[in-house]
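None of the figures in this text is laboratory data; all of them are computed from the coordinates on show. All values reported here derive from a predicted model rather than from experimental measurement. Cβ atoms come from the backbone with ideal geometry, glycine included; neighbour counts cover every protein chain shown.
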Amino acid sequence: MWKHSPNALYQLFTFNNFSEAFAFISKVALLAEQNNHHPTIKNTYNKVEIWLSTHDAGNSVTQKDIQMASAIDTL
């Protein structure tokens, strides 16, 4: 479930191990390139944190972020 703040959408994803977490990050990276929308991603072992905001809109949440969050959820 994505948490919404004034400046970003945020979600923590937990996987079984580092390899699964990194594979997920790779999928997110490909999706980000396709959508020309590049999230902030942090990885610590089996946990991946993602923040989505639109830099061109003053680092606020826009429809572009909501669409990207939905696309990430399908991975």
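Semi-axes of the equivalent ellipsoid of the chain are 21, 13, 10 Å, computed as sqrt(5λ) over the eigenvalues of the C-alpha gyration tensor in descending order. By the compact-protein rule of thumb, 2.2 N^0.38 Å, the alpha-carbon radius of gyration of region 1-40 corresponds to a ratio of 1.31.
Considering only Cα atoms, the convex hull volume of region 36-75 works out to 71 Å³ per residue. The charge dipole of the chain, taken about its Cα centre with unit charges on the Cβ of Lys, Arg, Asp and Glu (plus for the first two, minus for the last two), comes to roughly 120 debye.
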